[in-house]
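Novice: Please find one structure pasted underneath; my questions will follow.
What follows draws every value from the coordinates through simple rules; no lab data is involved. For clarity, every value in this text was computed on a predicted model and none was experimentally measured. Counting neighbours? That spans all protein chains shown, and the Cβs are built from the backbone with ideal geometry, glycine included.
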Amino acid sequence: MSRAKIAITIDQVLLELLDSLVQNKTFNNRSQAINTALKEKLSRIQKTRLELECQKLVMDDERALAEIGVEEDFKEWDRY
């Protein structure tokens, strides 16, 4: 995966927390810590968006759509 070098500005308190994670060997360096945190946050945002879209679904309607044609399929299947 290619990487891009960027410059950011963060609060001093966050920088101190970040540096303590690096110093305690939780991460190898600041870049790794920031990359990991950003990845996790973006993943959570995507999951939240999916959850919100799923909440819009009406389960009875979805179930009815899923059942369309199933009765016809059952007629074609061999009995066991």
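Novice: At 0.36 nm per residue, and after removing the present C-alpha to C-alpha distance, how many nm does the segment from residue 65 to residue 45 gain when stretched out fully?
Specialist: Working it through step by step, the gained length comes to 4.3 nm.
Novice: Which trypsin sites (Lys or Arg not before Pro) does the chain hold that lie in a coil by DSSP with at most 13 other beta carbons within 10 Å?
Specialist: 3, 5, 25, 56, 79
Novice: If you don't mind, another one. Taking the Cα centre of region 12-76 as origin, work out the dipole magnitude from +1 charges on Lys and Arg Cβ and -1 charges on Asp and Glu Cβ, in debye rounded to 20. Don't skip to the answer; put the middle values down first.
Specialist: On the way: 10 positive and 13 negative charges, 180 e Å.
Here region 12-76 has a charge dipole of around 860 debye.
Novice: Can you give the calculated 222 nm mean residue ellipticity of the chain, where each DSSP H run of n ≥ 4 adds -39,500 (n - 2.57) and the sum is split over every residue, rounded to the nearest 500 deg cm²/dmol?
Specialist: -21500 deg cm²/dmol
Novice: Using all C-alpha to C-alpha distances in region 12-76, build P(r) with 10 Å bins and read off the rounded percent in each one.
Specialist: For region 12-76, the binned pair fractions read 17, 23, 17, 15, 12, 11, 4 percent.
Novice: Using the beta-carbon distance between residue 4 and residue 57 and R0 = 30 Å, what value does 1/(1 + (r/R0)^6) give for FRET efficiency, to the nearest 0.05?
Specialist: After rounding to 0.05, the efficiency reads 0.20.
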